[in-house]
């Protein structure tokens, strides 16, 4: 069983914990407007521009979550020498994230998701359209060699590292194997990968969602037992110590080397407001908890609270350490 006192103790250690996050940095840009009229040019609504919000997305959202947890966090990744890249670095630095390990690549377009939101002055803004700016870092060995050097430097003194692979080419399997397989590696290396779940080894744990796990397993996983069996096959394939499968309103399933599978019910309401970035929050809270001395089961419980908190918020959101503390205190299923 997991105790309340133990989880609170782990949370208290977050401010003295250092975590590195390496991954695909994305800018989430929200353009806000008020509906004006129907266009005469096409059957679309014209918005009167009100403003713009730039929020860290992708792996950068996981960085923002780590900062919200009061963890000392170092970023390793790449952005372009463009306006979105500058906006993303400014946003991260404003949150207290160390961005010394972020490369600025000429000719690379910073990945960006632009959402157009419209609504009345006194009502919620609703997403009306979205467009994505996408690019890939590419296979230039010079870039990946430099990335590896930055990663090695960032890992010095870190208790844990998280790898967030969104498919934009920042994460290289060879660099991961070289930097995270030696005796001086962090105690924990965690992975969240959208498309290369089975290829990125040299990790201690992975956090696939159900769709990603099913894609790797090659079929539907419709019961607790099937999810646990699929996660265990993935754990053995990766040579990892645990796999935490996130399952939406079915909660989470943890398989680990130290005991039987654990099925963790969803925390909070199953009436979800927005699932944007929930996986980033899970990765961040899980890794921070492991770095602070939690077991995989304890870290999974805290990550479950984090996921439940952010899906009740609109847009790309974070969960704070104080919000996690309140969730721990409110959870009556915990041991004292």
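Coordinate-derived values only; no laboratory data. The shown structure was predicted, so the numbers you read here are calculated from the model rather than taken from an experiment. Neighbour counts are summed over all protein chains in view; Cβ atoms, including those assigned to glycine, are modelled from backbone coordinates with ideal geometry.
Some values worked out for this structure:
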quantity	calculated
Label-point separation, residue 233 to residue 114 (7 Å along Cα→Cβ), nm	4.3 nm
Estimated [θ] at 222 nm from DSSP helical runs (n ≥ 4, -39500 (n - 2.57)) normalised by residues in the chain, nearest 500	-10500 deg cm²/dmol
Counting DSSP beta bridges with both ends in the chain, the antiparallel % (nearest 5)	45 percent
FRET E, pair residue 223, residue 93, Förster distance 56 Å, beta-carbon r, rounded to 0.05	0.75
Rounded, prolate or oblate (a/c below 1.5 giving rounded, otherwise prolate when a/b exceeds b/c) for region 1-137 by Cα gyration tensor	oblate
With 10 Å bins from 0: P(r) over the chain, alpha-carbon pairs, percent	6, 26, 34, 23, 9, 2, 0
Most fluctuating residue given options 259, 279, 77, as computed from a GNM of the chain linking Cα atoms under 10 Å	259
Label-point separation in nm, residue 45 to residue 187, each point 7 Å along Cα→Cβ	5.1 nm
For a label point 7 Å along the Cα-to-beta-carbon line of residue 325, residues of region 1-43 with backbone N under 12 Å	8-15
Gain on full stretching of the segment that runs from residue 121 to residue 145 - 0.36 nm per residue minus C-alpha separation	3.6 nm
Cα gyration tensor shape for region 185-296, rounded if a/c is under 1.5, else prolate or oblate	rounded
Region 117-196: radius of gyration and largest Cα-Cα distance (Dmax), Å	18.3, 57
